[in-house]
Every structure is written in structure tokens, then in C-alpha cells.
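Structure record follows, encoded as C-alpha cells.
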Amino acid sequence: MTEIKKKLDLKGADPLILFGFNDANLKLIEKSFNSKVVVRGENIYIQGNSEDINKIENLFSELIFFVNRYNKLDKEDVETAIKISKKGKISNEVKKKVEDIILFTPGGYIKPRSEGQSHYYKSALENDIVFTIGPAGTGKTYLAVAIAINMLKNKAVKKIVLSRPAVEAGESLGFLPGDLREKVDPYLRPLYDALFDMLPAEKLSKYLEKRIIEVVPLAYMRGRTLNSSFVILDEAQNTTPLQMKMFLTRLGVNSKAIITGDITQIDLPNPSQSGLIQVQSILKGIDGIDFIYLKKTDVVRHKLVKDIIQAFEDFEKGEKK
């Protein structure tokens, strides 16, 4: 039987737990399937016959899911998973396509839940800058934060920077009472909400303290160069063209950016001057930059949100007649 090679992603799983002390779990897997398993960085490389490769791939999907969910893996767990995979059986949880899971969280896992979201996720992996435009409830910000944390866990980036324009404050934050966090917290709260959903409180606190994760208003991005970073600009419809240019030119070496916004909810005095609107024609066709457009069908909030969006659209169309 012809030998083949396969590359697998650790999906953020702790390698010390997954592979075992002195790689005991890896050695057990190699022995059980008579295949070669090599780890390089955040990837697993398998070499063997096609039938064993498929079984080992299913096995690692099971083990990675288990490690990310329970943060432990005993020898007995590995042996049980090996027996199951040898019989060609996969648990119901693994049948949910582990390869599509973006991030494991304390409450479960995050994965695309619509065709548009799947396209969004794929684009974010393939491009350095992705603009995601769509109505409320389509998961624009939530998925961006999940993708960023996944890349941080997999050491593809060294830090995450999340930003929003504080339009209601006119970016004149100096006139507001309190320190920087107290001034901008009301405007950045949705970003913090996503972070609290995806990371244990203790780990998030540590990341924020060490500035591995930063949440800052757009006004404080000026003059920075962000290397090896995942940068997110939320509510980008409320940026001016100059602010948009300023943000995009902060991107340094080995960095990625996702820019999200809803062009139906522009709070600027002159909506036509939205940087998110103008950038679509300015940057169209540049290699490494992609524009993703989510629709009502991609709404993943309460089932009534789609109906609410449709009702407002129908009302606005009626007013224009």
C-alpha cells in the first residue's frame, strides 16, 4: 500500500498534555499504527499507509477536542481513543468537523454557523487584511476575536490589538473623567464581552496586564507599528478615510488585520465620508486584501433579529417611494 503524508493543526491544544511526558502518547500512537508521527512547531506530520493515516487523523481530532475541552489526557484516554479509531468509529462530537472549529472556549467551541461565516473564516486564514461588512448579528466581531485568539494560542502572532472609534465621544477622550480604561470602556465593551466569552478570566487578566491583548480606542493607534500582531478594527463604518488609512498603515511585519462594520449604521455627521465605504473602491483588487459581505441569512443571534432587520429594510424602502 502506498505511503502518504498528512499535516494536522494542533488547534491550540497544549502539546505537553496532548503528547504526554517524554512524548509517551506519541510513541503509543506510532506503535499502535506502525506509522511515523513527527511534531514541528504547531503542526503534526503523519506518514504511513492511507488507511492508517485516516484513522490517526480521526484519533488526533478526538484527542485534540478532549484536551481543549477538559485540559487533561490520561494514558487510558489515549488507549480508548486508539481502540475506537481502529474500528473506524468517531464520536458524535468529532463528527461536528473538528477541522472547522475556530476556537475551543470554557463553554464549548466556536465555529462558522453559516455559509457566509465559513467564507469569512477561510478568507481570514488566506489573506492578511480582511474587511467584513454586514448587518448586526452576523458574528463579524465575535468571529474576528475568535480567529485572533486562535492564532495567538498557536503562536502565529505574539499579540492581539482590538480597536474601535469612539464616535460618541468625538475621540476627545481627554475631556472625559477617569483614566484611559474608564474613559473608553463604554465604547469598547463589546470587545471585552467577546474576550470574556472566549478566555478564562484569570488568563484574560494576565494577557491584558502584560499587554499581550490590548483594547484601545482608534485615536490611540496613531504613530504605532504593530509587528507579529493580529489587529481588529470594529465599527469601522464610523471611521473617516484618514482614520482608516492611519489604521491600515499601522500593520507591521507578520501581522494580520480584520476590519468589521455595518454601513447601514453610520454615526458620522456625513455618512458618505465613511472610511469603510470609500476603502471598498480604493483597495479593491489588491492581492492579500479581501472583502467579505455577510447577509441577513448569516445572522446568528436571536431568531427575531433577521425579522427585525428585514422589517427596517422594508420600512426604509417604503419611505423612499
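Looking at the range 27-41, which of its residues are surrounded by 18 or more Cβ atoms within 10 Å (Cβ to Cβ) and of a type in the set (A, V, I, L, M)?
Correct list: 29, 37.
Please enumerate the residues belonging to the range 246-278 that are loosely packed, with under 15 Cβ neighbours inside 10 Å and touching a residue at least 24 places away in the same chain (Cβ under 8 Å). It would help to see each step written out before you state the result.
Applying the first criterion (loosely packed, with under 15 Cβ neighbours inside 10 Å) to the range 246-278 yields 249, 252-254, 265, 267, 269-273.
The answer is 252, 253, 254, 265, 267, 273.
Being over 13 Å from the mean Cα position of the chain (by Cα) and modelled with pLDDT under 95 is the filter here; which residues of the range 127-140 pass it?
Answer for the range 127-140, where residues must be over 13 Å from the mean Cα position of the chain (by Cα) and modelled with pLDDT under 95: 134, 135, 136, 137, 138.
Identify all residues within the range 42-53 that are open to solvent by less than 60 Å² (accessible area, probe 1.4 Å) and either within 29 Å of residue 152 (Cα to Cα) or touching a Gly at 6+ places or on another chain (Cβ under 6 Å) (or both); write none if there are none.
In the first step, residues of the range 42-53 are kept if they are open to solvent by less than 60 Å² (accessible area, probe 1.4 Å); the result is 42-44, 46, 48-50, 52-53.
If the condition is that a residue be open to solvent by less than 60 Å² (accessible area, probe 1.4 Å) and either within 29 Å of residue 152 (Cα to Cα) or touching a Gly at 6+ places or on another chain (Cβ under 6 Å) (or both), then 42, 43, 44, 46, 53 are the ones that fit.
What about residue 213, is it more than 26 Å from residue 293 (Cβ to Cβ), surrounded by 14 or more Cβ atoms within 10 Å (Cβ to Cβ) and modelled with pLDDT of 90 or more?
On the way: more than 26 Å from residue 293 (Cβ to Cβ): yes; surrounded by 14 or more Cβ atoms within 10 Å (Cβ to Cβ): yes; modelled with pLDDT of 90 or more: yes.
It is true that residue 213 is more than 26 Å from residue 293 (Cβ to Cβ), surrounded by 14 or more Cβ atoms within 10 Å (Cβ to Cβ) and modelled with pLDDT of 90 or more.
What number of residues in the range 234-278 are part of a strand (DSSP E or B) and of a type outside the set (D, E, K, R)?
Filtering the range 234-278 down to residues part of a strand (DSSP E or B) leaves 251, 256-261.
Going one step further and asking which of them are of a type outside the set (D, E, K, R), we end up with 251, 257-261.
Residues that pass the stated criteria total 6.
Looking only at the range 39-81, count how many residues are among the hydrophobic types (A, V, I, L, M, F, W, C), in contact (Cβ under 8 Å) with a residue 24 or more places away in the chain and closer than 28 Å to residue 106 by Cβ.
Looking only at that region, the number is 10.
Write out, first by first residue and then by second, each pair whose Cβ atoms fall under 6 Å of each other, whose residues are 6+ apart or on separate chains, and whose first residue, in the range 209-223, is more than 17 Å from residue 149 (Cα to Cα) while the second is part of a loop (DSSP other than H, G, I, E, B).
Partner pairs satisfying both residue conditions: 217/166; 218/165; 219/171; 221/250.
Is there a residue in the range 54-74 that is surrounded by 21 or more Cβ atoms within 10 Å (Cβ to Cβ) and of a type in the set (Gly, Ala, Ser)?
For the range 54-74, residues surrounded by 21 or more Cβ atoms within 10 Å (Cβ to Cβ) and of a type in the set (Gly, Ala, Ser): present.
Give me the residue from the range 287-321 that is open to solvent by 80 Å² or more (accessible area, probe 1.4 Å) and in a loop (DSSP other than H, G, I, E, B) and, out of that set, modelled with the lowest pLDDT.
321
Would it be correct to say that residue 120 is in contact with a helix residue (DSSP H, G or I) (Cβ under 7 Å, 6 or more places away or on another chain), outside any loop (DSSP other than H, G, I, E, B) and more than 18 Å from residue 191 (Cα to Cα)?
Considered against the rule, which asks whether it is in contact with a helix residue (DSSP H, G or I) (Cβ under 7 Å, 6 or more places away or on another chain), outside any loop (DSSP other than H, G, I, E, B) and more than 18 Å from residue 191 (Cα to Cα), residue 120 comes out as yes.
Determine, yes or no, whether residue 6 is surrounded by 12 or more Cβ atoms within 10 Å (Cβ to Cβ), in contact (Cβ under 8 Å) with a residue 24 or more places away in the chain and touching a Ser or Thr at 6+ places or on another chain (Cβ under 7 Å).
no
Per-residue answers, yes or no, for (1) without any contact (Cβ under 8 Å) to a residue 12 or more places away in the chain; (2) open to solvent by 20 Å² or more (accessible area, probe 1.4 Å); (3) under 10 Å from the mean Cα position of the chain (by Cα):
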{"residue": "113", "(1), (2), (3)": "no, yes, no"}
{"residue": "121", "(1), (2), (3)": "no, yes, yes"}
{"residue": "142", "(1), (2), (3)": "no, yes, yes"}
{"residue": "147", "(1), (2), (3)": "no, no, yes"}
{"residue": "156", "(1), (2), (3)": "no, yes, no"}
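The values are calculated or read from the model by the stated rules, or taken from the named source; none is laboratory data. Given the structure is predicted, the values throughout are model-derived calculations rather than measurements. Glycine also receives a Cβ, built like all others from the backbone with ideal geometry; neighbour counts cover every protein chain displayed. Just the protein is used for accessible areas: all its heavy atoms, side chains included, with ligands, DNA and RNA removed. Shrake-Rupley method; radii C 1.70, N 1.55, O 1.52, S 1.80 Å.
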